[in-house]
Ligand code: Q46
Ligand code: ZN
Ligand code: ZN
């Protein structure tokens, strides 16, 4: 008998298209799609991210993770609406192309979504804001603006949670970075759910937190999701990419390491074996709603007195 040179699905014996060595599992297309949905459902239930009665705002960038997440949540029967934040990144028409992918996906699936164009809404795109601003790294400016807009939209629209497409590789890279620098405050709050600590700050959830990046990408490809393949041009400078590469090298030698690394943090915190002091948190969230003041300009909660970090950003650039 000639040796078989194709992988067999562990469930049906058909042609396997994905192998997950950390789970010792190989699956065909049909069983892979179902497995991914089950993994996401399990994370939503385990971490009590949201219920089917709650409305969820999905932050969609046009990439594989966020569009794949929107697809999965919709198939699982959750009430979702997408929001795309147009950052005004003109390099290779990145923002326009991404917006188009989101529009196409929403139209094909008859899903509601809205677009916030940063330049149209606030007067400057993210790269323009960075050019005229001081100090902060562009990605820090971008993150601050996105968080503010997402919180505003979730509050105005009465959404229970904001779901983002962070996968296990993203989380493990952030964890490595925070551990190498012993960022106790960030380690304290890193996890699949960031609870709401103020009525104007929605709960943040990461339903893909147990899926490797390659698994999330494979889901989008197999499902036929048309996503933007190019990364944000500024992402190449991000240190998280470097940490991801290192973790991938370790994973290749020792499958399951990324998973154990991240799960170890969550389990250690849940059991009380790992305790990080959080008194040095420099941004949201504070411990409870009383810790916040109200920004006199935008009305959002802020930890200091006077303008919030978002409003100060525009102040320093005018
Ligand atoms: S979108 Fe914005 Fe990222 Fe691009 S500019 Fe940096 S933070 S890399 S998630
Ligand atoms: Zn199968
Ligand atoms: Zn403000």
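Ranked by the mean number of other Cβ atoms within 10 Å of their residues, highest first, the peptides 251-264, 83-96 fall in the order 83-96, 251-264.
Diffusion coefficient (Stokes-Einstein, Kirkwood radius over C-alpha pairs, 20 °C, 1.002 mPa s) for the stretch 18-64: 166 µm²/s, rounded to a whole number. Exposure proxy for 308, 139: other Cβ atoms within 10 Å of each Cβ, ordered fewest to most, give 139, 308.
Restricting the calculation to Cα atoms, every distinct pair contributes to the Kirkwood radius of the stretch 134-280, found to be 17.0 Å. By the count of neighbouring beta-carbon atoms within 10 Å, fewest first, 70, 314, 182 end up ordered 182, 314, 70. For the stretch 1-133, the Kirkwood hydrodynamic radius from C-alpha pairs, put into Stokes-Einstein at 37 °C and a viscosity of 0.692 mPa s, yields a diffusion coefficient of 186 µm² per second. Between residue 114 and residue 5, how high is the FRET efficiency from 1/(1 + (r/R0)^6) when r is the Cβ-Cβ distance and R₀ = 35 Å? Nearest 0.05. FRET efficiency, residue 114 to residue 5: 0.10. Full extension of the chain between residue 34 and residue 315 yields a length gain of 96.3 nm, computed as 0.36 nm times the residue separation minus the alpha carbon distance. Taking 30 Å as R0, compute the FRET efficiency from the Cβ-Cβ separation of residue 214 and residue 54 and round it to 0.05. FRET efficiency, residue 214 to residue 54: 0.50.
The base-10 log of I(q)/I(0) for the stretch 54-202, evaluated at q = 0.17, 0.18, 0.19 Å⁻¹, reads -1.13, -1.25, -1.35 [Debye formula, identical scatterers on Cα atoms, solvent excluded]. Full extension of the chain between residue 132 and residue 277 yields a length gain of 48.6 nm, computed as 0.36 nm times the residue separation minus the alpha carbon distance. With R₀ set to 41 Å, the beta-carbon distance separating residue 122 from residue 229 gives a calculated FRET efficiency near 0.90.
Find the centroid of the Cα atoms in the stretch 249-269 and in the stretch 138-189, then give the distance between the two in whole Å. Here the two parts' Cα centres lie 20 Å apart.
One quarter of the convex hull surface built on the alpha carbon atoms of the chain amounts to 18.4 nm², the projected area averaged over directions.
Kindly put 243, 122 in sequence by how many other C-beta atoms sit within 10 Å of each C-beta, fewest to most. Show your work: numbers first, answer last.
On the way: 243 19, 122 16.
By the 10 Å Cβ count, ascending, the order reads 122, 243.
Taking 0.36 nm per residue of separation and subtracting the current Cα-Cα distance, fully stretching the chain between residue 25 and residue 294 would add 91.8 nm.
Only the coordinates and a few stated rules stand behind these numbers; no lab work does. Owing to the predicted nature of the structure, the values given are computational and were not obtained by experimental measurement. With ideal geometry, Cβ positions are generated from the backbone for all residues, glycine too; neighbour counts draw on all protein chains shown.
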